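Let me begin by presenting the structure, written as structure tokens, before commenting on it.
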Amino acid sequence: MSTACFYLPPENWGAEPVLQGQEARHLGQVLRLRAGEEVTLLDGCGRKGRCSILEVRKQGVRLRLLTEEREHPCPAPAIVALAFSKAVRRGFFMEKAVELGAHAIWLWQGDHSQGKLSSQLAETCRGQMVAGAKQSGNPWLPDVQCLTGGVEELVERAAPVEHRILPWEMQEGIPMLTPQQAGRPGLSLYVIGPEGGFSQRELAALRQAAFIPVSLGARILRCETAATLCLGIHWWAAQQPGRITAGDRPA
């Protein structure tokens, strides 16, 4: 039977780590775990530890680290560049992004974004991502960046990315995103527009930067739905037998 998962920042790890705050309350007051039981710790940087509970107190929960392991980064990492919009259900998407193994999330200011993207928004996403990590047991948290410089900054950041993909609604004669196109070894970037759609200026800049247009089907999807669908297809495709060879995996 799998044990309950808790998040502990990497700087707080040790032979006898201590859970505090919300994580400690969840362990002691919600799950009502007691001394002698085992839990799993995740540090968000690929480390997973099996621990026994030494003591449950109001000041914190003392643990003993029994074993730890490190999970290699995915050889087919995916970044989702999601345009900022007040209407987007970011909490839902951030949880699903962790569950589906996103490498990074770039929140960017679109011409048709509803509201102004704040550079402080990234920090507010951590709680939702931690919830997704604990649910799925994923020891990696995506790196969240706020790109306040619009499509120009997005294009600049995308320069070293091997696979640049542009899902765009209401396209004619554009092929669907396929499992053959998603989940390939190397870094992939999916750029999702705001609720108001891409501007013609943004589309021209993305095409010039060698983004490949794809369709996600005949229906108009909400931003967070389109982003989650792209990650789901990417994750599924990367898991297929033989898709990632031994030579593609990190040492």
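Read-outs: derived from the displayed coordinates by stated rules, not from any lab. Keep in mind it's a predicted model, so treat the numbers as computed, not measured. Every residue, glycine as well, gets a Cβ built from its backbone with ideal geometry; the counts of neighbours run over all protein chains shown.
Below, the figures for the structure above:
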item: Residues with amide H under 5 Å from that of residue 143, placed H, sequence gap 5 or more; result: 104, 105
item: Integer Hz, Karplus 6.51/-1.76/1.60 couplings in order for segment 105-117, x for Gly and Pro; result: 10, 10, 8, 10, 7, x, 4, 9, 5, 8, x, 9, 6
item: Lysines with Cα under 21 Å of residue 116, excluding same-chain neighbours fewer than 8 positions away; result: 86
item: Exposure proxy order (Cβ contacts within 10 Å, fewest to most) of 72, 112, 234, 163; result: 72, 112, 163, 234
item: Mean separation of Cα contacts under 8 Å (6+ apart) over length of the chain, as relative contact order %; result: 21 percent
item: Extension gain (nm, one decimal) between residue 57 and residue 172, 0.36 nm per residue minus Cα-Cα; result: 35.3 nm
item: FRET efficiency for residue 69 and residue 180, using Cβ-Cβ distance with R0 set to 35 Å, rounded to 0.05; result: 0.60
item: For segment 72-86, 3J(HN,Hα) per residue [Karplus equation, 6.51 cos²θ - 1.76 cosθ + 1.60, θ = phi - 60°, Hz, x = Gly/Pro]; result: 5, x, 5, x, 10, x, 10, 10, 10, 9, 9, 5, 5, 7, 5
item: Residue-by-residue Karplus 3J(HN,Hα) for segment 5-17, coefficients 6.51, -1.76, 1.60, Hz, glycine and proline x; result: 9, 9, 9, 9, x, x, 6, 9, 6, x, 5, 10, x
item: Most mobile listed residue (104, 24, 204) in the chain, GNM with C-alpha springs under 10 Å; result: 204
item: Label-point separation, residue 118 to residue 153 (7 Å along Cα→Cβ), nm; result: 1.5 nm
